[in-house]
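Report on the following structure.
The values are calculated or read from the model by the stated rules, or taken from the named source; none is laboratory data. Bear in mind that the values here come from a model prediction, so they are computed numbers and not experimental data. For neighbour counting, all protein chains shown are included, and Cβ atoms are generated from backbone atoms with ideal geometry for every residue, glycine included. All accessible areas refer to the heavy atoms of the entire protein, side chains included, with ligands and DNA or RNA removed. Shrake-Rupley method; radii C 1.70, N 1.55, O 1.52, S 1.80 Å.
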Amino acid sequence: MKHLNNNIISIIYVLIGMTTFAFQDLFIKIISESTNIYLIYLVRCIIGLFVILIYLRYNKIKIILKTNYPYLTILRTTIFFVGFSAYYFSLSKLSLPLAVTLFFVSPFFTTIFSMIIMKEVVGFRRWLAILIGFIGVYFVMDPDFNDFNMYSLLPVICGICYS
């Protein structure tokens with residue numbers, strides 16, 4: 001019974017997290033017309049830091065600010081900065097459903113990068129699932145390139161950086 005309760009609690013946490021991110025994207029979309037994107041980004045980072053510090057303090061986890069891989073940490077931070085800057089800027093220029101849907105190409109790139117970097121073996125079924133998802137994103141993007149919007153590449157760039 002305890003295993004079932006843990007599953008239910010986990011599902012509730014996932015739903016809360018996804019709802020929080022959905023509202024965050026909506027809020028960014030609304031205020032991006034009148035506020036600088038990097039100010040929004042700064043406030044988001046401060047709120048995220050505050051939440052992480054509360055979590056670490058609540059679980060009595062020691063905060064360690066040292067890394068054994070400083071260059072990798074700087075690279076990761078830079079890539080995340082570029083990715084989320086692209087995503088937040090896309091929210092100011094695209095509709096929210098389009099930006100979120102285009103971001104969903106990230107599993108495709110995660111799979112490719114896992115094969116290249118981690119030497120993972122990806123089976124046929126997984127490739128098929130990713131291909132079907134990628135086709136769905138492609139159709140949502142409206143493949144008529146006569147009205148192609150360069151801003152539609154920003155969530156895809158974020159997906160690549162996220163991957």
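Key figures
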| quantity | calculated |
| --- | --- |
| Residue satisfying all of: in segment 87-104; open to solvent by 10 Å² or more (accessible area, probe 1.4 Å) and in contact with an Asp or Glu (Cβ under 8 Å, 6 or more places away or on another chain); nearest to F21 (Cα to Cα) among these | V100 |
| Where a residue in segment 94-123 is farther than 16 Å from L26 by Cβ and its partner, wherever it lies, is part of a helix (DSSP H, G or I) and among the aromatic types (F, W, Y), with Cβ under 6 Å and at least six apart | S106/Y162; F108/F134 |
| Residue that is surrounded by the fewest Cβ atoms within 10 Å (Cβ to Cβ) [pool: residues in segment 30-60 that are in contact (Cβ under 8 Å) with a residue 40 or more places away in the chain and in a helix (DSSP H, G or I)] | Y38 |
| Sole exception among (1) touching a residue at least 12 places away in the same chain (Cβ under 8 Å); (2) open to solvent by 90 Å² or more (accessible area, probe 1.4 Å) for F27, by number | (1) |
| Residue match in segment 112-126 (condition: touching a helix residue (DSSP H, G or I) at 6+ places or on another chain (Cβ under 6 Å) and either surrounded by 10 or more Cβ atoms within 10 Å (Cβ to Cβ) or hydrophobic (A, V, I, L, M, F, W, C) (or both)) | yes |
| Meets criteria (among the aromatic types (F, W, Y) and either closer than 13 Å to Y151 by Cβ or in contact (Cβ under 8 Å) with a residue 12 or more places away in the chain (or both)) for F89 | yes |
| So I79, is it assigned to a helix (DSSP H, G or I), modelled with pLDDT of 90 or more and under 30 Å from I135 (Cβ atoms) | yes |
| So P107, is it open to solvent by 60 Å² or more (accessible area, probe 1.4 Å), under 30 Å from S34 (Cα atoms) and either in contact with a helix residue (DSSP H, G or I) (Cβ under 9 Å, 6 or more places away or on another chain) or of a type in the set (G, A, S) (or both) | no |
